[in-house]
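Structure first, commentary second.
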Amino acid sequence: MYVKVAICLTFAILLLISCSIYVGTIDAKSYFFPLLQPSPLRLSLCATDRPLRVYMYDLPRKFNAGMMDRGTSQVAAPATVENFPPWPKTSGLKRQHSVEYWLMASLLYNEEEGSEAIRVSDPEMADAFFVPFFSSLSFNKHGHVTTDAEADADRQLQVELLEFLRQSKYYQRSGGRDHVIPMTHPNAFRFLRQELNASILIVVDFGRYPRNMSSLSKDVVAPYVHVVDSFTDDDPLDPYGSRTTLLFFRGNTVRKDEGKIRVKLANILAGIDDVHFENNVGTPKSFKMSTKGMRLSKFCLHPAGDTPSSCRLFDAIVSHCVPVIVSDKIELPYEDEIDYTEFSIFFSMKEALEPGYLIDQLRRFPKDRWINMWMRLKNVSHHYEFQYPPKKEDAVNMLWRQVKHKLPGVRLAVHRSRRLKVPDWWRRKR
């Protein structure tokens, strides 16, 4: 009797499963072969509107905010939102390379509303990893102290950081490709930067980076942090007429590489009444004079410096002075989102060195077109503001959005590297 009951029960169960499969309430593959099921498809981050999820390493304070402490920082614990220092008003030219500070500050603040990036405490949830090492400030503070590289405190920090990253399973997992590392000073991380060439570097240009280390395809171009005051009440009845200087330049004319053009431009532009071209070094007084001069000028000259870019371009933008860019190898921030020809004028170095050509073109420039550029500058200048707390669409949020744009390429590279059995054939010479 029990045997008959067992047979009937088994038959009923089989009949129920068969009917369920037939009507689609049970997936036969997932029911009988669960290990054969693919993992859920992870959508590209760029296909979503959510903020970038960033895991920030808890590095000892000496790697970042400790460099801003008076004397030598004795605090080993990581910086927090409670003890993170404000950026000093007396920092002078060091401010222009402070992008690293503002990126870290935005993650410490960690307010989701209006933010392009939020900090996550679980690295498994992260889209990207931020390395809070103030490499530019480290060079400015330590790099000039000694010529002995082994004793250089800047080099020692780089060595310790590299050891730390190589021990991180998340750095190992992607080969560092999803790690974001600011290097905005031309000499930032100068000893060991080639060891980090797979990561997403935040740079201001590519002047001192070999092509096999840094490129537009994987790295993010950041603006310099401007050192002049922003023009917040620029609303004259006649904006064109109120700016009586045709062309303004105030800065150091003794530069390296392409920056040597500055001396040549000084000779070409000398003696022209409505052109202000002055050799000067960056001091608090000089910044005030530049602020005033740019606000009274229609055009602001931006020749190349030691590298293809300089802070002067972004000083001009927040002063609503139409930039005149003379730099053949310059790269510009957010250029996939912003068209710089809408508010800037570009000359090749060859054109700019032709006597009379540049000034003649500026004198012929239509007033209505200049006013359109001036209005466009007023509309975009907030994208070049670094501030705390960060605000929607400001420089920090624009940079995090640029990082987000790089991540599909990062994921492609990581996935390919996992399945390649030979050295990447694509990079071989054919």
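The values are calculated or read from the model by the stated rules, or taken from the named source; none is laboratory data. These figures come from a predicted structure and were not determined experimentally. Heads up, the Cβs are rebuilt from the backbone with ideal geometry, glycines too, and the neighbour counts pull from every protein chain shown. Just so you know, the surface numbers come from the protein's heavy atoms only, side chains and all, with ligands and any DNA or RNA stripped out. Shrake-Rupley method; radii C 1.70, N 1.55, O 1.52, S 1.80 Å.
Here are some notes:
- Residues of the stretch 300-321 with amide N under 14 Å of the 7 Å Cα→Cβ point at residue 361: 300-304
- Extension gain (nm, one decimal) between residue 392 and residue 346, 0.36 nm per residue minus Cα-Cα: 13.6 nm
- Residue 170 sits with roughly 30 Å² accessible to a 1.4 Å probe, with DNA, RNA and ligands left out of the calculation.
- Binning the C-alpha pair distances of the stretch 154-303 at 10 Å intervals from 0 yields a P(r) profile of 9, 27, 26, 20, 13, 4, 0 %, listed from the shortest bin outward.
- Violating pairs (Cα-Cα greater than 20 angstrom) within the set 94/378; 298/367; 329/367; 292/378: 94/378; 329/367
- Shown is the FRET efficiency for residue 69 and residue 382, computed with R0 = 51 Å from the Cβ-Cβ distance and rounded to the nearest 0.05: 0.95.
- Approximate spin-label separation residue 58-residue 354, in nm, with each point projected 7 Å along Cα-to-Cβ: 6.2 nm
- Normalised by 2.2 N^0.38 Å, where N counts its residues, the alpha-carbon radius of gyration of the stretch 372-412 equals 1.48.
- Each peptide in 115-124, 286-295 gets a packing score, the mean of other Cβ atoms within 10 Å over its residues, and the list from highest to lowest is 286-295, 115-124.
- Along principal axes, Cα extents of the stretch 357-430, largest first, whole Å: 62, 42, 16
- Eligible lysines near residue 406 by straight Cα distance, threshold 21 Å, same-chain separation 8 or greater: 218, 392
- The stretch 245-384: C-alpha gyration tensor shape, a/c 1.5 cut-off, then a/b vs b/c: rounded
- Segment residue 242-residue 163, length gained on full extension (0.36 nm per residue, minus Cα span): 22.8 nm
- Among the protein heavy atoms, those of residue 139 account for about 10 Å² of accessible surface (1.4 Å probe, every chain in place).
- Counting only heavy atoms of the protein chains and using a 1.4 Å probe, residue 370 has close to 0 Å² of accessible surface.
- Counted charge near residue 236, where neighbours are those whose Cβ lies closer than 13 Å (Asp, Glu -1; Lys, Arg +1): 0
- Charged side chains reduced to their Cβ positions (Lys and Arg at +1, Asp and Glu at -1) give the stretch 224-345 a dipole of some 820 debye around its Cα centre.
- All C-alpha pair distances within the stretch 245-320, sorted into 5 Å bins from zero, spread as 3, 17, 28, 27, 20, 5, 0 percent across the bins.
- Using R0 = 30 Å, the C-beta based FRET efficiency linking residue 424 and residue 329 works out to 0.60.
- Those aspartates and glutamates that a straight Cα-Cα span of less than 16 Å connects to residue 260, excepting residues fewer than 8 apart in one chain: 278, 306, 328, 351, 354
- With a 1.4 Å probe rolled over the protein heavy atoms of all chains, the accessible area of 240, 57 falls in the order 240, 57, largest first.
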